[in-house]
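Enquirer: Before I ask anything, here is the structure I am working with.
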Amino acid sequence: MIITMVGLASPRMDAGFSILAQLVAEPITDPVAIFLTILAIMLVAPLLVERLRLPGIIGLILAGVLVGPHGLGILERDNSIVLLGTVGLLFLMFLGGLETSLDDLKRNVDKPIIFGLATFSIPMILGTGMMLALGYGFWTAVLVASCLASHTLVALPVVTKLGIMRHPASIATLGGTLITNVLALLVLAVVVKADQGDLTLGFWLFLIPSLVIYTFAVLWGVPRLGRWFFRKFGHDEGAEFTFVLAALFVASYLASLIAIEPIVGAFLAGIAITQIIPRLSPLMNRVQFIGNTLFVPIFLISVGMLVDPLILVREPQSLLFAAILVLTELVSKFLAAWGPARWFGWRFPSAMVMFGLSMAQAASTLAAITIAFDIGLVDELVVNATIMMILVSCVLSPWVVARWGTQVQSQSVELPQADEKPSVSLTSTTLGKRILVPVANPSTEDNLLQLAIILTKRVNGTLLPLHVLPDRNQTITVADKTHQRRLLDAAETIAHAATIPVEPIGRIDDSIEWGILRTIQERDADLLICGWKGYSTYQENFFGGVLDTIVRSASIPLMISRFPRPIQNTEQVLLAITGQQANLGQVTRTLTQGKRTRFFILHQRCVCPEPAPSAGIGHPIRL
């Protein structure tokens, strides 16, 4: 929805309007200069604010106020800013959906529902009573109260930075956001129809079934379409990224067709996509990077550009009304967070995180109040007070989350995965600090590296791609070295795309297997991941192959893997293990994080007498 705020100040106020704006004669119109200004704000504003020990996103909002049409007038909130801001808002809700596991919601379905109903009903009751007490009509009171009930997750980047996205309080708030925003937008649709005299049975017969069908289509259809697409075109990273963006905007657009705000579709699209993309994969990293680095900051700047800080000077009575509105919003949202948190048995910091996340008012509130102003339900006084509420809530929200989120962070325990069984590990060694991955075949290299990246990223480890050229009393040709360099360059590119530290290793050795074994010792690797073609030749069965030598002689855990399809399309995993394994629970939890993957574990125990210890016994894990 494109929103343009015009003509809210009376002519007698225009004479003294915006002293600061006179410093700039004309807003910047050159596209390159506009984008350069936005990038400068994105770079400088968070750094300056963080020096004051405030969240960086507050700096983006305040910078938007300063450079916007109600400040210095450097930038005009034209269609290009509205477009980029809308994309940023959709990305913000999409990223929230990506961080929300459908399994987590299923296991904790009661908490998001309870909080969602509370954070909708309490502001509705208090807001309606407040507006009626001030002399406004019933439908006006209900519409303004629905603006208090909805909220925008402006502080979501703070939650992500603190690493508490999967804390129960965060999950309850994300799920509750979906419920309260849908209900608030339904109230808006009902009020508009009632004002126009079109609130008929046909309206309800269309809206409710279409909403149910739409939700099912997104949560059921997008994962299946995604698996088919990745299976057919999984080799093209650009196509994968484009598919994710297409799923986001198609779901958002379809939501608008059934009179639902596009942010609801973006959130559902995120929940659907997270079922088919591993949480720690390079593709997920690219989506989160482009959203958090570019589009979400532009949205925050555009929110700041909506605010007119001189309203209080031009409209003194707006100060009193804005104070009442802000107080009602803050009290209602606090009660809606504190009550359920006490009911759930959570501590006060968790309640404050829920309160901080759910207090911010931005796009949905502005959309509702603008529609109400256009149809004459509210006056300029209400609009100006609402904009001031947006400013106060958007500044307080990230500060509250940052202030109390650090205490939640110290208490945070990640939710268990569905049907998670106790680990059968015999050691608590953390795998993935330094993972060695021999690469030899370009067609299988990508899956091996993707698996290694998923394990490495969880513990902030280092990836060690290795290619060994065997020296069998033969000259190593230039073509062999070129091929080795090409494989290692490809591995390094994949690792850098996932922001993983990487140390590519190219070496010449007596044989491939002994080159791998010596590299393990020289580079202090703690896990070895090797590929397997799926069968053994007669020669390998009789004399033994490379893997046989490595299994017998490796001094670290060994994971032997074979992927018949791209790793993101893997739905079932057969994990064959021996009696001595290194933290199997960690491996299964990491590989299934954010994906609905079924594990079949084959545990083989040897009942024969143990052989005498040799120079390191490998522990193979076939994946």
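The values are calculated or read from the model by the stated rules, or taken from the named source; none is laboratory data. Worth saying up front: this structure is predicted, and the values here are computed from it rather than measured. As a convention, Cβ positions derive from the backbone with ideal geometry for all residues, glycine included, and neighbour counts pool all protein chains shown. Ligands, DNA and RNA are stripped out before the accessible areas are found, and what is left, the full protein with its side chains, is counted by its heavy atoms. Shrake-Rupley method; radii C 1.70, N 1.55, O 1.52, S 1.80 Å.
Enquirer: Arrange the residues Thr86, Thr140, Thr29 by how much accessible surface each exposes, largest first, with a 1.4 angstrom probe.
Expert: Thr29, Thr86, Thr140
Enquirer: If you average the C-alpha positions of region 230-301 and of region 177-198 separately, how far apart do those two centres end up, in angstrom?
Expert: 26
Enquirer: Would you mind classifying region 151-205 by shape? Square roots of the alpha carbon gyration tensor eigenvalues, ordered a ≥ b ≥ c; an a/c under 1.5 is rounded, otherwise it is prolate if a/b is larger than b/c and oblate if not. Display every interim value, and only then the final one.
Expert: Details: a/c = 6.36, a/b = 3.20, b/c = 1.99.
The shape class here is prolate.
Enquirer: Next up: Quick one: accessible surface of Val546, probe radius 1.4 Å, all protein chains present, in square angstrom to the nearest 10.
Expert: 60
Enquirer: Over region 153-276, one equal point on each Cα, no solvent: what is log10 I(q)/I(0) by the Debye formula at q = 0.11, 0.16, 0.22 Å⁻¹?
Expert: For region 153-276 at q = 0.11, 0.16, 0.22 Å⁻¹, log10 I(q)/I(0) is -0.48, -0.90, -1.26.
Enquirer: Using heavy-atom solvent-accessible surface (probe 1.4 Å) with all chains present, what is the largest-first order of Thr519, Thr37, Thr477?
Expert: Largest accessible area first, the residues go Thr477, Thr37, Thr519.
Enquirer: Moving on to the next point. In terms of the Cα gyration tensor, with a ≥ b ≥ c the square roots of its eigenvalues, is region 278-339 rounded because a/c is under 1.5, prolate because a/b exceeds b/c, or oblate?
Expert: Oblate is the answer for region 278-339, as a/c is 1.5 or above yet b/c matches or exceeds a/b.
Enquirer: Between Val459 and Ser210, what length comes free when the chain is fully extended (0.36 nm per residue of separation minus the Cα-Cα distance, one decimal in nm)? If you can, show how the numbers build up before the last one.
Expert: On the way: separation 249, 0.36 × 249 = 89.64 nm, distance 4.37 nm.
Between Val459 and Ser210, full extension yields 85.3 nm more.
Enquirer: Continuing with this model, one more query. Spin-label point model (7 Å from Cα, Cβ direction): what's the Gln317 to Lys481 distance in nm?
Expert: Roughly 8.5 nm, to one decimal.
Enquirer: Could you tell me which of the pairs Lys111/Lys161; Lys433/Lys457; Lys111/Lys333 are separated by over 18 angstrom between their Cα atoms in the structure shown?
Expert: Lys111/Lys161
Enquirer: Taking the Cα centre of each part, how many Å lie between region 457-511 and region 156-175?
Expert: If you average the Cα positions of each part, the centres end up 38 Å apart.
Enquirer: Just the number, please: carbon plus sulfur as a percent of the accessible area of region 209-270, 1.4 Å probe, no ligands or DNA/RNA counted. Mind showing how you got there, number by number?
Expert: Values: 2160 of 2880 Å².
So the carbon and sulfur contribution to the accessible surface is 75 percent.
Enquirer: What whole-number volume per residue, in cubic angstrom, does the convex hull of the C-alpha atoms of region 171-234 give? Walk me through the numbers before you get to the answer.
Expert: Working: hull volume 7.2 nm³, N = 64.
Hull volume normalised by residue count: 112 Å³.
Enquirer: A follow-up question, please. Starting at the first residue of region 383-397, write each ³J(HN,Hα) from the Karplus equation 6.51 cos²θ - 1.76 cosθ + 1.60 with θ = phi - 60°, in whole Hz, x for Gly and Pro.
Expert: These are the phi-based 3J(HN,Hα) values: 4, 5, 5, 5, 5, 5, 4, 4, 4, 5, 5, 5, 7, 6, 4 Hz.
Enquirer: Follow-up. Hey, any idea what Rg/Rh is for region 256-382, computing Rh the Kirkwood way over Cα pairs?
Expert: On the Cα set of region 256-382, Rg over Rh gives 1.04.
Enquirer: So, one more: Going by accessible area, probe 1.4 Å, with all protein chains left in place, what is the ranking of Lys457, Lys533, Lys232, Lys333, largest first?
Expert: Lys232, Lys533, Lys457, Lys333
Enquirer: Taking θ = phi - 60°, what integer Hz values does the Karplus form 6.51 cos²θ - 1.76 cosθ + 1.60 yield along region 329-341, in sequence order, with x for Gly and Pro?
Expert: Each residue of region 329-341 in turn: 5, 5, 5, 5, 5, 5, 4, 5, 8, 5, x, x, 4 Hz.
Enquirer: Pop out the ³J(HN,Hα) list for region 168-185 in order, Karplus 6.51 cos²θ - 1.76 cosθ + 1.60 with θ = phi - 60°, rounded to Hz; leave Gly and Pro as x.
Expert: x, 5, 5, 5, 4, 5, 5, x, x, 4, 4, 5, 5, 5, 5, 5, 5, 6
Enquirer: At 1.4 Å probe size, with no ligands or nucleic acids counted, give the accessible surface of Ile213 in Å², nearest ten.
Expert: Solvent-accessible area, nearest 10 Å²: 110 Å².
Enquirer: Here's something else I'd like to know. Please calculate the 1.4 Å probe accessible area of Arg518, with all protein chains present, and give it to the nearest 10 Å².
Expert: Counting only protein heavy atoms, Arg518 exposes about 90 Å² to solvent.
Enquirer: Right, next: What does the C-alpha gyration tensor say about the overall shape of region 92-218? Classify as rounded when a/c is under 1.5, otherwise prolate if a/b is larger than b/c, or oblate.
Expert: oblate
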